[in-house]
1. About the Cα centre of the stretch 83-192, how large is the charge dipole given +1 on each Lys and Arg Cβ and -1 on each Asp and Glu Cβ? Please answer in debye to the nearest 20.
2. Would you list 140, 32 from fewest to most Cβ contacts within 10 Å?
3. At 0.36 nm per residue, minus the direct Cα-Cα distance, what do residue 177 and residue 142 gain on full extension? Give it in nm, one decimal, please.
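Read the figures in this text as sums done on the coordinates, not as results from a lab. Predicted model, so just to flag it, every value in this text is computed and none were measured. Neighbour counts are summed over all protein chains in view; Cβ atoms, including those assigned to glycine, are modelled from backbone coordinates with ideal geometry.
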Amino acid sequence: MADAENAENKDHNAEQEAQPKKGLVGKVVPWLVPLLAVAVCAGAGFAVGRLFGARGSAQTVSAAEQPSPDEALTPPVPAERPDTGESWYYDLEPVIGNLNEPGVVRYVRLGLTLEVGSSMTEKEGTGFFEQRKPLLKNWLTLYLNNLSLEDIRGERNLRRIQTQIADAFNQSLFPNAKPRIKRVLFKELSIQ
């Protein structure tokens, strides 16, 4: 009888070895494939967004600058004169924006001074900028709301922000013309 039990145990063990084992691997593999597919798609979307996306670009200002019938009555951009190298400065009031920080409310207050080349006199330029001040402040508010705290930290990032603001202002105020704003200077920058 012992021989019959041993033979039965051997047959039972052979059947168990023939069946696939449903351990941890058998439970994880069906979930692993969709998880990897989601991770690859998310990574590709992030990479494409970083590669082709433009945070705070001048496109926002350009879209807002489409001339309306009311703007047809506004005076044209002052005529360009040769730049003698002397500059004058125009102060823009501080603008407050919410930083793009998830889960935390962070504010940035930014006051600017525009360095304008001598191709535009101070008298005609002051009137020109005063008339377009709401557009400049609107663009700055949208731009600041698109920045994160990491985008503002460090001298290198602040210089990049100055350049982006100057380029956007020149592009929107003086399209298809030589840039008249030489530099954007920070008069005030505070983060709370």
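1. Values: 15 positive and 14 negative charges, 34 e Å.
Roughly 160 debye for the stretch 83-192.
2. On the way: 140 22, 32 10.
Going from sparsest to densest Cβ surroundings: 32, 140.
3. Working: separation 35, 0.36 × 35 = 12.60 nm, distance 2.45 nm.
Once the chain is fully extended between residue 177 and residue 142, it gains 10.2 nm.
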